[in-house]
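So the structure is just underneath, and the comments pick up after that.
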Amino acid sequence: MKTAVKINDSIHWIGVNDRSTDIFEGIWPLPKGVSYNSYIINDDKVAIIDTVRHNKFENFLEKIRCVIGQKKIDYLIINHMEPDHSGSVRLLLHEYPELKIIGNKKTADFLEKFYGIKDNVKIIADGDTLDLGKNKLKFYLTPMVHWPETMMTYESTRKILFSGDAFGGFGALTGGIFDDEVDIAYFEDEILRYFSNIVGKYCVTVQKAIQKLAGLDIKMIASTHGPVWRRNPASIVERYDRWSRHVAENGVVIVYASMYGNTERMMEAVARGLSGKDISRIRIHDVSRTHISYLIRDAWRFKALILGSPTYDTRLFPLMDHFIRILEYKKLSNRMLGLFGTYGWSGGGVKTLVEWAKGIGWELVEPVIEAHCSPTDVDLNKCFELGQRIVERLEKCETC
C-alpha cells in the first residue's frame, strides 16, 4: 500500500508492510510478513503516533506527505521504543526538525541511548492529555507490555485506542487494514504466535493494562502490528485477556524428538490413544523440524502437552531441553502433561523431563514411559494408554 488509508476525517493509517524480513528480532520466522503500523492525526496540530522500521522510511514519508502536504508536524508520540517502531525517528527529525517528541521518562531515556536524541522531548505522566483541536489525546502508561516504557494513547473524541504492541500480531496486511475487510482467520495463528512468544512472559502486566483500560469506551483499537480493530475491538481484548490468564482450548500438543525412529514409534502410539476418543484437535511437532515459536504457540493454545524425547549424551535431547526451558521462562501455567521417551547406553532424558515437570507444577498424567533402545509391545501399549488417560482428564476438566 503506497498511500495512506483513511480512518476518519482527520486520522490516517500511514504504516507499511514488510514482506522481505525473514526473521523478527533475530528469532521469530515471518512466513506471512509483518506490518509496522503508524498513524497521523491531521488537526489544528499535526501528530504522528509511532514510526516504522528505518528501511521503510521512504514509503512512510510518502504517506505522510500524501496526508498533510507541506504542513509541519507538531508532535511525534512514541508509545513504544523498540526499533521496529522508533527506527525512523532520526530520519523524521531530519525532515521535520521542529517537531516535539512526546513520551514518558523511560521513553526519553531510550531515545538518548538508542539515537542520541535529547532535545525537543516533552515528558508526560500517566493521565496527561494533549489537545490537537478536534482530537483530544490522553496517555496511559502500561509498563512491561512488553518493555518498561510502553504506553497507550486514547483519542477521546472518536474513542480510538492507539495501543502500541498490545493487541497486535504477526502478518503483513492483505490489502485492507481493518478487521472487517481482512480474513481474521488468516491472521489468527500469527496473532497467538506473536502474543505467546513476544508478550506471553508478561501476562501479569497485560492483565494490569486490561484492567486499567476497562473503564474506557473503546470504539477502535489501532495497534502497531496487524489489523486495526473497528468492527469488533472487544474480540482482540478478549483474546489477550484469555491468553494472559493462561486459559486454554480443549486439545493436545505432542512435541517429540527422535534420532532413529524409536521415540517416533512411541509418539504414534500415544497419538492413536488420543484419536481413539472424542479429541480431534491434535497437533504433532518434531522439535528438530519445527521452529520453537510454533511449539510455544500451540502449548499456549491447548490444555494438554505431551513430550517425548530420547536421551542424548546422558542428558535430555538438546532441542527438547531448550523447548522446556523456554516454556519455564515464559511462565506458562495450568496445563496437563504427559511424558515418554527412550534411552540407549545411558538414561537421563525422561528423568530430566520428570524433574522439570515437578518444578513447573503442571498436572502430570501417568503412565510415564521410558523404553530401553527400542519400544516393546508393552511399552507401546502403555503409550496408547497414556493417550487415553489424557483424553479422560480433558473430558473431566471443567476449565477446558
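List of remarks:
- Angle of helix 349-360 to the longest C-alpha principal axis of the chain, folded into 0 to 90 degrees and rounded to 10: 50°.
- DSSP beta bridges confined to segment 108-235 are antiparallel in about 70 percent of cases.
- Percent antiparallel among DSSP beta bridges (both partners in segment 250-396, rounded to 5): 10 percent
- As a length-normalised measure over Cα pairs under 8 Å and 6 or more apart, the relative contact order of segment 5-244 settles at 17 percent.
- Once both labels are positioned 7 Å from their Cα atoms along Cα-to-Cβ, the gap between Ile360 and Glu25 label points is 1.9 nm.
- Using Cβ point charges alone (K and R +1, D and E -1), the dipole size of the chain about the Cα centre works out to roughly 620 debye.
- Globularity index of segment 198-329 is 1.31 (Cα radius of gyration / 2.2 N^0.38 Å, N = number of residues).
- Ordered by the count of other Cβ atoms within 10 Å of each Cβ, fewest first, Tyr36, Tyr329 give Tyr329, Tyr36.
- Ordered by the number of other Cβ atoms lying within 10 Å of each residue's own Cβ, fewest first, Thr314, Thr224 fall into the sequence Thr314, Thr224.
- A simple rule links phi to the HN-Hα coupling: the Karplus curve 6.51 cos²θ - 1.76 cosθ + 1.60 with θ = phi - 60°, which for segment 269-275 gives 5, 4, 4, 5, x, 5, 6 Hz, with x for Gly and Pro.
- Restricting segment 257-326 to chymotrypsin sites (Phe, Trp or Tyr not before Pro) that sit in a DSSP loop and have at most 16 other Cβ atoms within 10 Å of their own Cβ leaves Tyr260.
- Subset of Lys212/Lys303; Lys45/Lys105; Lys136/Lys330 violating a 31 Å alpha-carbon distance limit: Lys136/Lys330
- With K and R counted +1 and D and E -1, the other residues having a Cβ less than 9 Å from that of Gly200 yield a net charge of +3.
- Sites Lys105 and Lys138, calculated FRET efficiency, Cβ-Cβ separation with R0 25 Å, nearest 0.05: 0.90
- For segment 305-400, GluC sites (Glu not before Pro) meeting the loop criterion (DSSP other than H, G, I, E, B) and having at most 10 other Cβ atoms within 10 Å: Glu398.
- Only DSSP H runs of four or more residues enter the estimate; each adds -39500 (n - 2.57), and after division by the residues of the chain the mean residue ellipticity at 222 nm equals -10500 deg cm²/dmol.
- Cα centroid separation - segment 186-207 against segment 150-183, whole Å: 15 Å
- Loop sites in segment 173-205: GluC sites (Glu not before Pro), DSSP, at most 15 other Cβ within 10 Å: Glu181
- Segment 86-117-segment 253-276 distance, computed between alpha-carbon centres (Å): 52 Å
- This ranking places Val5, Val67, Val145 by how few other beta-carbon atoms lie within 10 Å of each, fewest first, which gives Val5, Val67, Val145.
- Excluding same-chain neighbours fewer than eight residues apart, the aspartates and glutamates reachable from Lys72 by a Cα-Cα span under 13 Å are Asp43, Asp44, Glu95, Glu98.
- For segment 250-396, radius of gyration divided by Kirkwood radius, i.e. Rg to Rh on alpha-carbons: 0.92
- Farthest positive-ward along segment 325-373 dipole, Cα basis, beta-carbon charges - from Ser346, Leu327, Trp356: Leu327
- Electrostatic bookkeeping for Lys100 treats Lys and Arg as +1 and Asp and Glu as -1; over the other residues with beta carbon under 9 Å from its beta carbon, the sum is -1.
- Most mobile of His85, His94, His322 in a GNM of the chain (Cα contacts under 10 Å): His94
- Residues in segment 203-212 carry Karplus couplings, in order, of 4, 4, 6, 4, 4, 4, 5, 4, 5, 5 Hz; the curve used is 6.51 cos²θ - 1.76 cosθ + 1.60 with θ = phi - 60°, and Gly or Pro positions show x.
- Gaussian network model of the chain, Cα within-10 Å springs - most flexible of Asp321, Asp119, Asp43: Asp119
- Relative to the longest principal axis of the Cα atoms of the chain, the long axis of helix 57-68 makes an angle of roughly 50 degrees.
- Phi to ³J(HN,Hα) by Karplus 6.51 cos²θ - 1.76 cosθ + 1.60 over segment 388-393, Hz, x for Gly, Pro: 5, 5, 4, 5, 4, 5
- DSSP beta bridges fully contained in the chain are about 40 percent antiparallel.
Every number in this text was worked out from the coordinates using simple rules, so none of it is lab data. All values reported here derive from a predicted model rather than from experimental measurement. Neighbour counts run over all protein chains shown; Cβ positions are idealised from the backbone, glycine included.
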